[in-house]
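The values are calculated or read from the model by the stated rules, or taken from the named source; none is laboratory data. Quick caveat, the model's predicted, so the values are computed rather than measured. Note that each Cβ is placed from the backbone with ideal geometry, even for glycine, and that neighbours are counted across all protein chains shown. SASA here: full protein model, heavy atoms, side chains in, ligands and nucleic acids out. Shrake-Rupley method; radii C 1.70, N 1.55, O 1.52, S 1.80 Å.
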Amino acid sequence: MTEQENSAQDLSAQEAVEGLELAKRLAEIRYKIMVLSGKGGVGKSTVAANLAVALAAAGRRVGLLDVDFHGPSIPKLMGIQGQVVAMEEGMILPLASGPALKVMSLGLLLQSEDDAVIWRGPLKMGVIKQLLKDVRWGALDYLIVDSPPGTGDEPLSVAQLLTPPVGAIVVTQPQQLSTADVRRSIRFCERVGLPVLGVIENMSGFVCPHCGARVDVFTSGGGERLAEQVGVPFLGRIPLDPTIVKSGDEGKPFAAYAPDSPAGREFAEIVKKVIQATEAELPRPSEA
Ligand code: ADP
């Protein structure tokens, strides 16, 4: 055998081992939810973080994984910025955020936020795979993946690596709905065989900080209509709420710290729907 053939064989053997390790890791997770958006800045990470917190508060064992190269904001949203990541036997140990929630973010593994942006495509794919394979979550009910935005190679890698049962949540804004972003995200899910758990319309209407009244700044209801047109569930509308900005800045997820705010109440309804939709497919935790 030539040297070239030998190294090709070594490479495919290594890939096979990695594939087995990934399958083993993902088999410990009962349900994976990929949180997607057509573009950045619509509140995808906010939804991912608060969904993880709310599911943990509802008694589920949850992992929150941030692989958003364009701005890994989970450390800030969860108040764990600058914490040091430990390794054990070559595995990355996630950070604990309360008894039922573990968190890992690309942002915790970088020297500076700009590091990730300059990586070339293949390197990013390798990092996504490594984070899915090498984080020692242990047994989980849910892994929430804060995916890179858009429908390009990065979310594609995430979608292709996650094994069923898996579902996607698409986050959008009301004014975006006139564009093709949501349709594109949903078509992306269809193409990669990713079931869509539903669409969330974020920053939908404004909650007055003085009187608490809700004002529709943009047209609303578009998310619901669009979800109906493309045949996917509509999970709910989260208002533009100053509490969310404050809680994001302070690293205190509103689902836990402001459950009675307008956004907190809406979000609780969304979480109920997510639990219903996902657990309908699974045996109850006690039977697992
Ligand atoms: P993405 O992950 O889509 O880039 P983020 O979740 O990081 O977006 O949110 C972008 C900014 O918008 C953050 O400062 C966040 O606190 C704020 N934000 C998100 N959702 C809301 C909302 N419903 N009301 C007010 N501010 C919000």
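Summing Lys, Arg as +1 and Asp, Glu as -1, what charge do residues with Cβ under 10 Å from the Cβ of ASP134 carry, ASP134 excluded?
Residues close to ASP134 contribute a combined charge of +2.
Could you list the trypsin sites (Lys or Arg not before Pro) in segment 115-151 that lie in coil according to DSSP, counting only those with at most 13 other Cβ atoms within 10 Å of their Cβ?
For trypsin sites (Lys or Arg not before Pro) across segment 115-151 that sit outside H, G, I, E and B with at most 13 neighbouring Cβ atoms in 10 Å, the list reads ARG120.
For segment 109-188, what Kirkwood radius comes out of the mean inverse Cα-Cα distance, in Å?
Result for segment 109-188 stands at 14.6 Å.
Give the aspartates and glutamates reachable from LYS24 as a straight Cα distance under 13 Å; neighbours fewer than 8 places away on the same chain don't count.
By straight Cα distance, LYS24 reaches ASP134.
Would you mind telling me the share, in percent, of accessible area of segment 137-245 contributed by carbon and sulfur at probe 1.4 angstrom?
Looking at segment 137-245 in its full context, I get 56 percent from C and S.
What span do the alpha-carbon atoms of the chain cover on each of the three principal axes, reported in whole Å from largest to smallest?
Its Cα atoms span 75, 45, 38 Å along the three principal axes.
Around MET34, under 11 Å between beta carbons, what's the net of Lys plus Arg minus Asp minus Glu among the other residues?
Combined, the nearby Lys, Arg, Asp and Glu give +1.
Of LYS129/LYS252; LYS32/LYS246; LYS129/LYS246; LYS44/LYS124; LYS129/LYS272, which ones are farther than 23 Å apart at the Cα?
Over 23 Å apart, Cα to Cα: LYS129/LYS252; LYS32/LYS246; LYS129/LYS246; LYS129/LYS272.
If you place +1 on the Cβ of every Lys and Arg, -1 on the Cβ of every Asp and Glu, and leave all else neutral, what size is the dipole of the chain about its Cα centre, to the nearest 20 Debye?
Value, rounded to 20: 780 debye.
Quick check for you: with a 1.4 Å probe and neighbouring chains kept, what is the accessible area per residue of segment 104-157, in Å²?
So segment 104-157 comes to 40 Å² accessible per residue, rounded to a whole number.
State the Cα centre-to-centre distance between segment 105-182 and segment 29-75 in whole Å.
10
Just to be sure I understand the model, the point goes 7 Å from the Cα along the line to the Cβ. What's the resulting GLN276 to GLN130 distance in nm?
Roughly 4.2 nm, to one decimal.
Only bridges whose two residues both fall in segment 80-218 count here: according to DSSP, what percent of them are antiparallel, nearest 5?
50
How much length would be gained if the chain were fully extended between ALA268 and LYS24, taking 0.36 nm per residue of separation minus their Cα-Cα distance, in nm to one decimal?
Stretched fully, the ALA268-LYS24 segment lengthens by 84.6 nm.
Could you tell me the ratio Rg/Rh of segment 1-158? Both radii from Cα atoms, Rh via Kirkwood.
Rounded to two decimals, Rg over Rh is 1.00.
At ASP260 and SER7, where each label point lies 7 Å from the Cα along Cα→Cβ, what is the point-to-point distance in nanometres?
Distance between the two pseudo-spin positions: 6.6 nm.
Among bridges DSSP assigns within segment 60-109, what percent are antiparallel (round to 5)?
45
Percentage of Cα-Cα pair distances in segment 151-232 greater than 19 Å, rounded to whole percent?
For segment 151-232, the share of Cα pairs beyond 19 Å comes to 44 percent.
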